[in-house]
Amino acid sequence: MTKPITYDPNWQEKYKAQVLTATDAVKRIRPGQRIFIGTGTGEPLELVSALSQRAFELPDTEIVHLLTFGEAPYAHRELAQYFRVNSFFIAENVRDIIQEGLGDYTPIHLSDLPGLFDSGQLPLDVALIHVTPPDQDGLCSLGVSVDIVKSATENASLVIAQVNPNMPRTLGDCSLHVHDIDLLVPCEAPIPEVPLPEVTEVTRQIAEYIAALVEDGSTIEFGIGRIPQALLGFLKDKKDLGVHTEMVTDSMIDLIESGAITGARKTTDRGKIVASFAIGTQRIYDYIDNNPLFSFHPTEYVNDPAVIRQQAKMVAVNTALEVDLTGQVCADSIGSKFFSGVGGQVDFNRGAAKSRGGKPIIALPSTAKGGTVSRIVTQLSPGAGVVTTRAGVFYVVTEYGVAYLHGKSVQERALALISIAHPKFRADLLRDAIEAKYLSASLADKEGKILVGPKELRTTYLLNNGTLLNFRPIHPTDEPRMRDLFYKLSEATIYYRFMSHQKRVTRHQIQDFVYIDHRNDVTIVGTLPEAYGEEIIAVGSYYLDQKTNLAEVAFVVSDKWQNHGIGTFLHRHLMRIARRNGIRGFTAEVLTDNKPMQAVINKSNCKIKSKFTGNVYSYEMDFE
C-alpha cells in the first residue's frame, strides 16, 4: 500500500536555499568541533557516511550520541586519531572502541542529559539529525527518534538534517520548524530495521513472573532488552493498560489490537501511548506513522520522575547485569568493562516507586556465560558500578521467582535473593553470605533447603464476601510473616493446631515450615496483598512418611478469617498436590474439641479410617 503524502511535495523548491548534498553539507563542519548524532534507528546514515569520509580533515573532533543502531564508521580504530567517540549509552557498534580506551562513556541519567546541552556544560557545535520532509506549515517530525535529539537540535550552532520521506511522521511534542534547521539533505532510504530479540525459555519464565505483578489499569514502561519485550507476550489478558515508556516496538501492536492497551485509566496523557523513540521493523514504523494514538515527547518529559510518578500503578521494568545480596544493581558494566549505560533505569525506578500503587522491577536471568556464572552475587564484581542503589530496589525477578526487597533487612534481602538464584549456586551464596555476616551462622544447616516452590502449586480462592486470596508455596523469606501469624492466633486456635498451650513459637519451629523441599514436605500459605507486600492468613502443610507413602496434614487459619471455607479449600488444594506427587493419602491427629477440622476431613471425599485415643482422633484418608 502506498504511503499517503503528509508533507509538502514542493519542499525542495520552496527551501532550495537550505538544500545541499550530504557531501557538501558536512563540509561546513570544522576540526575540533563537537558533533551530536541522532539516536537509535533515526541515525542519519547518509550524513554519518559523508562525515566519516572527511575524517582526515577533521582532527580533534568529538562525536557524542545516545545509543545508535546503524553503522558507526566513525568508531573504527583507524579513525580514532581524528574522531573521539563519547557515548551516553553503549551500543554494540561502539562497544569495542570504548572498551579498548579509544572512546569514552559518560554515565548519566537520561532525564539529566538535556540539561547538559541547555546549560552549556556540554556545548554542541553541530547536530546531525533525521527528519520527515516539512509539511505545508514548514514542520518536520523527528519521527522514530525524539528523545534527546530535540534538545540537541535546539542547542547546536549548526543543524544538518537528513530529510527522508520514509521517516514516519510521529505526533506529539516532536516537530521542528524547517527554519530551525540550517541545512537540508534530501535522502530516500529505508529506516534501519532491528528485529525483535529472540524470546528464550528463561526470558519467557521471567516475563511470566513479571506479568503476575501487573494489575489491570497499570501504566507500564518497557526498558530495552529481551525481558521487557518478552513481557509484552504475557499481557494480552490484562485490561486497560497504559504505556509511558522510552521505547515502542513491534510487540506493542499485538497488545493494542488485543484490547489490552487502551490507556483509559492513565492519570495523565489518558488514551495516549507516550514514548520518545521507536525501534523495530517496518511494521512498527508504518503503525506509528501519523497515528494519533502515539504521543512522542522529548526525554525531559518522558524520563522526568516527577511526570512518571503522576501515573497511578506505574510499573517500570528494567534489566540488570548483576545484583548483589544487599540489593545493589549493576546495569552498565561487566566488572570494569563498560557494556551499556545508565539510561532511564533510575528515572523510571524512582518514578514508579513514588507512584500510587507503583512497582519498580529489576529483571535478569539467574546466570550468564552459558550457565557457568551466577548473576546473583555476594558482592558485585570488582570494578562494577552501581546504577540503582540497594535502598532504591523493590522487586528483583529471575526465572526462579520474585524477591521483594524494599524495606527489608540485609538478612531478609540475602535470603530472598539466594532463593531466586540458580539452584546450583545457592549453596555457595549461602556460605558466602554467612561469611560476609549478611546471614546468621545458625542458617548454615539450611544449605540445600533454600528452595522456591514450583509455580504450579499456586492458586486463588474467591470468598463469598468478594475477597480474593492467593495461595502459594511458602518462601524462605516468609519467616517474619509466619511469626506475625502465630502471634495473631487466639489461644484456642493455637491449642487446636499445636495440641499445646504454647505462648511463643521458636525460630526453629518456624524454620521447619519455611525450609522444605516442596515434595516430601509441602507448605502452602494463603495471603492477602498489602501495601508492604503480603499478609499470611492461612497455612497448610503435609509431611511425608516415605515408609507408608502417607503424609501427615495440618493447617491453621487466622481467627479473623475462619468460617469462610478457607480450611476446606486449603485441604483440597493440598490433596491435589499430594496426588500429583504420587502420595497415597493423608493422616491427621485432631483433638476431639476441634470440630471444624473434623468437618473438613469428613468432607474430603476420601476413604476415611479413624480411631479414638484419649482426647485425639487419628485419621487416615486414602485418596483411592
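Just so you know, all these numbers are worked out from the coordinates, no wet-lab data involved. Note that this is a predicted model, so its numbers are computed, not measured. Note that we place each Cβ from the backbone using ideal geometry, even for glycine, and neighbour counts take in every protein chain shown.
Let me check against my output: what whole-number percent is the relative contact order of the chain, with C-alpha pairs under 8 Å and at least 6 apart?
Here the relative contact order equals 8 percent.
For the range 241-305, what is the largest minus smallest coordinate of the Cα atoms on each principal axis, given in angstrom and ordered from greatest to least?
30, 23, 18
Can you tell me the orientation of helix 566-580 relative to the chain, as the angle in degrees between its alpha-carbon axis and the longest Cα principal axis, to the nearest 10?
80
Computed from the mean reciprocal separation of all distinct C-alpha pairs, what Kirkwood hydrodynamic radius does the range 455-622 have, in Å?
On the way: mean 1/r = 0.0613 Å⁻¹.
It is 16.3 Å.
Contact order normalised by length for the range 201-446, with contacts defined as Cα pairs under 8 Å and 6 or more residues apart; what percent is it?
Relative contact order comes out at 17 percent.
What FRET efficiency comes out for H508 versus D104 if R0 is 56 angstrom and r is the Cβ-Cβ distance? Round to the nearest 0.05.
The pair H508/D104 has a calculated efficiency of 0.50.
Please state, to two decimals, what the Cα-based radius of gyration of the range 295-362 comes to when divided by 2.2 N^0.38 Å (N = residues).
Values: Rg = 13.1 Å, N = 68, 2.2 N^0.38 = 10.9 Å.
Normalised Cα radius of gyration, the range 295-362: 1.20.
Quick one: Debye curve from the alpha-carbon atoms of the range 107-179 only, equal weights, vacuum; give me log10 I(q)/I(0) at q = 0.22 Å⁻¹ to two decimals.
Debye intensities relative to I(0), on a log10 scale: -0.96.
Starting from the Cα of A368, move 7 Å in the Cα-to-Cβ direction to define the label point; list residues of the range 80-98 whose amide nitrogen is under 14 Å from there.
Correct set: none at all.
What number, rounded to the nearest 500 deg cm²/dmol, is the helix-based mean residue ellipticity at 222 nm of the chain, given -39500 (n - 2.57) per DSSP H run of at least four residues and division by all its residues? Kindly include the intermediate steps, with their values, before the conclusion.
Working: 20 runs with 164 residues, N = 624.
Helix contribution divided over all residues of the chain: -7000 deg cm²/dmol.
Along the positive direction of the dipole of the range 11-186 (beta-carbon charges: Lys, Arg +1; Asp, Glu -1; about the Cα centre), which of S175, L47, L124 reaches farthest?
So the residue we want is L47.
Give the cross-link partners of K239 among the lysines, using a straight C-alpha distance below 25 Å as the criterion and excluding same-chain residues fewer than 8 apart.
K266, K272, K313, K354, K359, K455
Considering the convex hull of the alpha carbon atoms of the chain, report its projected area averaged over all viewing directions, in nm², one decimal.
Details: hull surface 125.3 nm².
Computing the convex hull of the Cα atoms and averaging its projections yields 31.3 nm².
So how much slack lies between Q12 and K27, counting 0.36 nm per residue of separation and subtracting their Cα-Cα distance, in nm?
Value of the extension gain: 3.4 nm.
Toward the positive end of the charge dipole of the chain, about the Cα centre and with charges on Cβ (Lys, Arg +1; Asp, Glu -1), which of G567, Q310, L196 goes farthest?
G567
Just how large is the dipole of the chain about the Cα centre, in debye to the nearest 20, putting +1 at every Lys and Arg Cβ and -1 at every Asp and Glu Cβ?
For the chain, the charge dipole is close to 2800 debye.
Out of the GluC sites (Glu not before Pro) in the range 150-240, which ones are loop residues according to DSSP with at most 13 other C-beta atoms within 10 Å?
E188, E198
Determine, at each q value in 0.24 (inverse angstroms), the log₁₀ of I(q)/I(0) that the Debye formula gives when each Cα of the range 393-450 is one equal point scatterer.
-0.96
So what is Rg over Rh here for the range 505-551, counting just Cα atoms and using Kirkwood for Rh?
1.08
Ignoring solvent entirely, what values of log10 I(q)/I(0) come out of the Debye formula for the range 276-318 at 0.13, 0.16 Å⁻¹ when each Cα is a single scatterer?
-0.39, -0.58
Grab the Cα-Cα distance for T548 and L528, subtract it from 0.36 nm times how many residues apart they are, and report the gain in nm with one decimal.
3.6 nm
Looking at the range 537-624 from every direction and averaging, what is the projected area of its Cα convex hull in nm²?
Numbers: hull surface 22.6 nm².
With every direction weighted equally, the projected area is 5.7 nm².
Identify all lysines with a Cα-Cα distance to K611 below 18 Å; exclude those on the same chain that are fewer than 8 residues away in sequence.
K595, K603
Please sort by residue number the trypsin sites (Lys or Arg not before Pro) in the range 203-246 whose DSSP state is loop and whose Cβ has at most 10 other Cβ atoms within 10 Å.
Here no trypsin sites (Lys or Arg not before Pro) fit, given the DSSP loop and packing criteria.
Across 5 Å bins from 0, what is the distribution of all Cα-Cα pair distances for the range 201-446, in whole percents?
1, 7, 14, 18, 19, 15, 11, 7, 4, 2, 1, 0, 0
Enumerate the calculated ³J(HN,Hα) couplings along the range 325-341 in order (Karplus 6.51 cos²θ - 1.76 cosθ + 1.60, θ = phi - 60°), each rounded to whole Hz, writing x wherever the residue is Gly or Pro.
Using θ = phi - 60°, the values come out as 5, 9, x, 5, 10, 9, 10, 10, 8, 10, x, 8, 8, 5, 10, 9, x Hz.
When the convex hull of the Cα atoms of the range 42-139 is projected onto a plane and the area is averaged over all directions, what value comes out in nm²? Can you show the working numbers first?
On the way: hull surface 29.8 nm².
Convex hull of Cα atoms, orientation-averaged projection: 7.5 nm².
Would you please name the trypsin sites (Lys or Arg not before Pro) within the range 356-454 that are DSSP coil residues with at most 15 other C-beta atoms within 10 Å of their C-beta?
Answer by residue number: R356, K369, K437.
Only bridges with both residues in the chain count here: give the DSSP antiparallel percent, nearest 5.
Roughly 50 percent of the beta bridges in the chain run antiparallel, per DSSP.
Once you keep just the Cα pairs under 8 angstrom separated by 6 or more residues, what percentage relative contact order results for the range 459-545?
Values: 105 pairs, mean separation 26.0, N = 87.
Relative contact order, the range 459-545: 30 percent.
Computed from the mean reciprocal separation of all distinct C-alpha pairs, what Kirkwood hydrodynamic radius does the range 191-325 have, in Å?
Working: mean 1/r = 0.0663 Å⁻¹.
For the range 191-325, the Kirkwood estimate is 15.1 Å.
Would you mind working out the magnitude of the charge dipole of the range 246-338 relative to its Cα centre, with +1 at each Lys and Arg C-beta and -1 at each Asp and Glu C-beta, to the nearest 20 Debye?
400
At 37 °C and a viscosity of 0.692 mPa s, what translational diffusion coefficient does Stokes-Einstein give for the range 11-186, taking Rh as the Kirkwood radius over Cα pairs? Give it in µm²/s as a whole number.
It diffuses with D of about 204 µm²/s by this estimate.
Using the Kirkwood formula over every pair of different C-alpha atoms, what hydrodynamic radius in Å results for the range 413-492?
14.8
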